[in-house]
Amino acid sequence: MDRRQFLTASSVGVAATVAGCMGSPLSSTETDSTNPGSAADGDGDGDDGEITVSASGEVEAEPDKAIVDIGVEASGDTADEVTSALSTGADRLRTAFDDLGIPDENIEEGRYRVHPNHTRDGETDGFEGAHSFEVTLTDTSRVGEVIDASVEAGANNIGRVNFTLQEESKSELRKDAIDAALANADEEASHIADNREVELEGTTSVTTGDVRVHTVRYDNMSAEDSAGNAAPPTEINADPVTVSASATVTYEFAT
């Protein structure tokens, strides 16, 4: 992977509770006004208690997978005419994909539709149709090349380009994002313990939340921009993909 960066921003939505002996009649609650998401409980008797912290973490990396929406559109006087044009266009695209060396399993049928055009009076005024493919590339540097070759083969509808991660990369970055969330939780818990003048002794429980992959998407690419002999090669430089995770950790402390 070309680049991976841990984001060390402060944890989000941190909540902490320092709990004294539950059976003590002297227990009280003291709220930290500087952080609405944090609260502390203690009885001042020297008993053990707990601090619970919720934190998030993020990591980012260059995408290693791209999904490109490529298709043909056609119009005509009859549905058969449109259907025939779409079939011819789709065959040309399949040939182009094969010439590019894209495996069949990386090409999925997308949208296919043929429908009549209606005037304001409700009368039929010809037909329109579209046939698209979802092309998956594991070499993101080839996105521009594939778009240009598809347009040359007759594609007139370049839809979204979605940059994301392969499953192996997702699994690895998922762990990194959880590690970042736990590190932020440790830092926040240590700060709270110092503020309350208590000493952390260990972790009693850990719960992880959702791990999300925030992909990078480009919508509605123009096929006309790639058409013509004078047009320069299409280049798309995607931003890094972000993976985020959250964790809730309970720490034991002693005063």
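The values are calculated or read from the model by the stated rules, or taken from the named source; none is laboratory data. The shown structure was predicted, so the numbers you read here are calculated from the model rather than taken from an experiment. Neighbour counts are summed over all protein chains in view; Cβ atoms, including those assigned to glycine, are modelled from backbone coordinates with ideal geometry.
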Checklist entry - Can you pull out the residues in region 128-156 that are outside any helix (DSSP H, G or I) and surrounded by 19 or more Cβ atoms within 10 Å (Cβ to Cβ)? => result 129, 130, 131, 132, 133, 135, 137, 153, 155
Checklist outcome for this item: Sole miss for residue 141 among (1) of a type in the set (S, T, N, Q); (2) closer than 30 Å to residue 169 by Cα; (3) in contact with a strand residue (DSSP E or B) (Cβ under 8 Å, 6 or more places away or on another chain) is condition (3)
Item to check | Criterion violated by residue 179 - all others in (1) touching an Asp or Glu at 6+ places or on another chain (Cβ under 7 Å); (2) surrounded by fewer than 20 Cβ atoms within 10 Å (Cβ to Cβ); (3) modelled with pLDDT of 95 or more satisfied | outcome: (1)
Checklist entry - Does at least one position in region 208-231 carry a residue that is under 30 Å from residue 50 (Cβ atoms), modelled with pLDDT under 95 and in a helix (DSSP H, G or I)? => result no
Checklist outcome for this item: Note on region 157-175: residues in a loop (DSSP other than H, G, I, E, B) and either small (Gly, Ala, Ser) or within 30 Å of residue 91 (Cβ to Cβ) (or both) are 166
Checklist entry - Say we look at region 200-216 and pick out the residues that are over 30 Å from residue 237 (Cα atoms) and among the hydrophobic types (A, V, I, L, M, F, W, C); which of these is surrounded by the most Cβ atoms within 10 Å (Cβ to Cβ)? => result 200
Next on the checklist: Where the second residue is polar (S, T, N, Q) and the first is in contact (Cβ under 8 Å) with a residue 40 or more places away in the chain and lies in region 182-207, which pairs have Cβ atoms under 6 Å and are six or more apart or on separate chains?
Outcome noted: 184/11; 188/11; 198/255; 204/250; 205/250; 207/248
Checklist outcome for this item: When region 58-116 is checked residue by residue, the ones that are in contact (Cβ under 8 Å) with a residue 40 or more places away in the chain, of a type in the set (Val, Ile, Thr) and in contact with a Ser or Thr (Cβ under 9 Å, 6 or more places away or on another chain) are 59, 67, 68, 70, 72, 82, 102
Item to check | residue 197 being farther than 30 Å from residue 255 by Cβ, more than 27 Å from the chain's Cα centre (by Cα) and surrounded by fewer than 17 Cβ atoms within 10 Å (Cβ to Cβ) | outcome: no
